[in-house]
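Take a look at the structure set out below.
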């Protein structure tokens, strides 16, 4: 924890934010900035270094400019538009005690994590700020799927009859159509899954989780049971919540999809490549399960994709985590961790070598 005494003897801390103007305008809320400025001197520097899929383009001139900006900082916060934070930047900032990425760097693409840790710099990532709306939308998709509401909506906007006689109201949307008391499977147990567990509490569901890496100590406080993938897929609703890594691409393939019982609702709010698209189409053509998808492979969903035409499919355009509240939450969570850092406490959003190694892993076992 680095700081220095001013002329008055009071401790003066300096926090700098480097990103593009759009990020600053959308992410930095006045209330959170005031909280930060009550504890530190805040400064901002605009950058516009392009990046693609999180990987920032190396730009020596911009990195030298960032090094000059960071030279007197105790905390450096970066986001979209900022240059790469490598050894040259860190070496120029001897006071730096905390390096934070607001969003989009769960894989440490924008910074040299090893170099930061070698200098005992705490690294924080608050990308999980979008887990709040993602969990909410996952719950909404489950409810939509259980009632097969996508099929009803298609018929209504096509001006087809939807008020069917009681004897015809059966099958998907009518049988096993309530979430209360059902068995829920979660593939992955990260931030989104743990928030989703909280949202599911009023429905008194049984939750089964597949995640080889999640601490088993979470079972009791979260009231979930861990198990192998094939057992977790034996659920009324299956949520796919894992990040896309070499280990999770194609994790849900033909064999896994065939394990889904008739009436199962499959919800994917993670990444499209986690589920084999062709295998999913084959399974959906059976007509006995419902898929609610916010992500696709390829993405965006092609205009001629057969997924858009199936009555047992509900789609949304990768919007689960996109809300104004979540945009502001990235900075709010980072302010929280800055204040913890100043108080000598550990951050809640620490980005460690172990976390990054897991996210890049291609060696994940499919059994806990």
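Residue 355: at pLDDT below 95, surrounded by 14 or more Cβ atoms within 10 Å (Cβ to Cβ) and outside the structural domain of residue 177 (by TED's automatic domain parsing), yes or no? Answer is yes for this residue. State whether one or more residues within the range 144-164 are closer than 29 Å to residue 26 by Cα and either more than 21 Å from the chain's Cα centre (by Cα) or assigned to a helix (DSSP H, G or I) (or both). Scanning the range 144-164 turns up no residue that is closer than 29 Å to residue 26 by Cα and either more than 21 Å from the chain's Cα centre (by Cα) or assigned to a helix (DSSP H, G or I) (or both). For the range 167-176, the criterion of a residue being in a strand (DSSP E or B), surrounded by 13 or more Cβ atoms within 10 Å (Cβ to Cβ) and either in contact with a strand residue (DSSP E or B) (Cβ under 7 Å, 6 or more places away or on another chain) or not assigned by TED's automatic domain parsing to the domain that holds residue 240 (or both) is satisfied by at least one position.
Only a single item in (1) in contact with a strand residue (DSSP E or B) (Cβ under 8 Å, 6 or more places away or on another chain); (2) at pLDDT below 95; (3) assigned to a helix (DSSP H, G or I) is not met by residue 128, and it is number (1).
Can you name every one of the helices (runs of 4 or more DSSP H) wholly within the range 14-92 that holds 3 or more residues which are more than 26 Å from the chain's Cα centre (by Cα)?
On the way: elements: 21-27, 30-37, 60-70, 87-91.
Those helices (runs of 4 or more DSSP H) span 60-70, 87-91.
Kindly indicate whether any position in the range 195-211 is in a helix (DSSP H, G or I), over 19 Å from residue 137 (Cα atoms) and out of contact with any strand residue (DSSP E or B) (no Cβ under 7 Å at 6 or more places or on another chain). Spell out how you get there, then give the answer.
Of the residues in the range 195-211, the ones in a helix (DSSP H, G or I) are 195-203.
Now restrict to residues that are over 19 Å from residue 137 (Cα atoms): none.
Within the range 195-211 (the criterion being in a helix (DSSP H, G or I), over 19 Å from residue 137 (Cα atoms) and out of contact with any strand residue (DSSP E or B) (no Cβ under 7 Å at 6 or more places or on another chain)), the answer is no, since none of the residues qualifies.
If the requirement is being part of a loop (DSSP other than H, G, I, E, B), touching a strand residue (DSSP E or B) at 6+ places or on another chain (Cβ under 8 Å) and under 18 Å from residue 291 (Cβ atoms), which of these qualifies: 141, 179?
Every option except 179 fails the conditions.
Scanning the range 22-38 for residues that are farther than 23 Å from residue 324 by Cβ and surrounded by 13 or more Cβ atoms within 10 Å (Cβ to Cβ) yields no hits at all.
Residue-by-condition table, conditions (1) under 17 Å from residue 34 (Cβ atoms); (2) surrounded by fewer than 20 Cβ atoms within 10 Å (Cβ to Cβ); (3) modelled with pLDDT of 90 or more; (4) out of contact with any helix residue (DSSP H, G or I) (no Cβ under 8 Å at 6 or more places or on another chain):
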{"residue": "338", "(1), (2), (3), (4)": "yes, no, yes, no"}
{"residue": "341", "(1), (2), (3), (4)": "no, no, yes, yes"}
{"residue": "347", "(1), (2), (3), (4)": "no, no, yes, no"}
{"residue": "360", "(1), (2), (3), (4)": "no, yes, no, yes"}
{"residue": "363", "(1), (2), (3), (4)": "no, yes, no, yes"}
{"residue": "366", "(1), (2), (3), (4)": "no, yes, no, no"}
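Among the residues here, residue 41 qualifies as touching a strand residue (DSSP E or B) at 6+ places or on another chain (Cβ under 6 Å), surrounded by fewer than 18 Cβ atoms within 10 Å (Cβ to Cβ) and in the same structural domain as residue 87 (by TED's automatic domain parsing). Residues in the range 294-314 that are buried (at least 16 other Cβ atoms within 10 Å of the Cβ) and without any contact (Cβ under 8 Å) to a residue 40 or more places away in the chain: how many? Result for the range 294-314: 7. Would you mind stating whether residue 8 is under 19 Å from residue 123 (Cα atoms), at pLDDT below 95 and assigned to a loop (DSSP other than H, G, I, E, B)? Against the criterion (under 19 Å from residue 123 (Cα atoms), at pLDDT below 95 and assigned to a loop (DSSP other than H, G, I, E, B)), residue 8 does not qualify. Tell me, yes or no, whether the range 89-103 has at least one residue that is surrounded by 18 or more Cβ atoms within 10 Å (Cβ to Cβ), touching a strand residue (DSSP E or B) at 6+ places or on another chain (Cβ under 6 Å) and not assigned by TED's automatic domain parsing to the domain that holds residue 352. Scanning the range 89-103, I find no residue that is surrounded by 18 or more Cβ atoms within 10 Å (Cβ to Cβ), touching a strand residue (DSSP E or B) at 6+ places or on another chain (Cβ under 6 Å) and not assigned by TED's automatic domain parsing to the domain that holds residue 352, so the answer is no.
Can you find a residue that is surrounded by fewer than 16 Cβ atoms within 10 Å (Cβ to Cβ), in the same structural domain as residue 36 (by TED's automatic domain parsing) and out of contact with any helix residue (DSSP H, G or I) (no Cβ under 6 Å at 6 or more places or on another chain) anywhere in the range 142-161? Checking the range 142-161: not a single residue is surrounded by fewer than 16 Cβ atoms within 10 Å (Cβ to Cβ), in the same structural domain as residue 36 (by TED's automatic domain parsing) and out of contact with any helix residue (DSSP H, G or I) (no Cβ under 6 Å at 6 or more places or on another chain).
The values are calculated or read from the model by the stated rules, or taken from the named source; none is laboratory data. As the structure is a computational prediction, the values presented were derived from the model and not from experiment. Here Cβ is always computed from backbone atoms with ideal geometry, including for glycine, and neighbour counts include all displayed protein chains.
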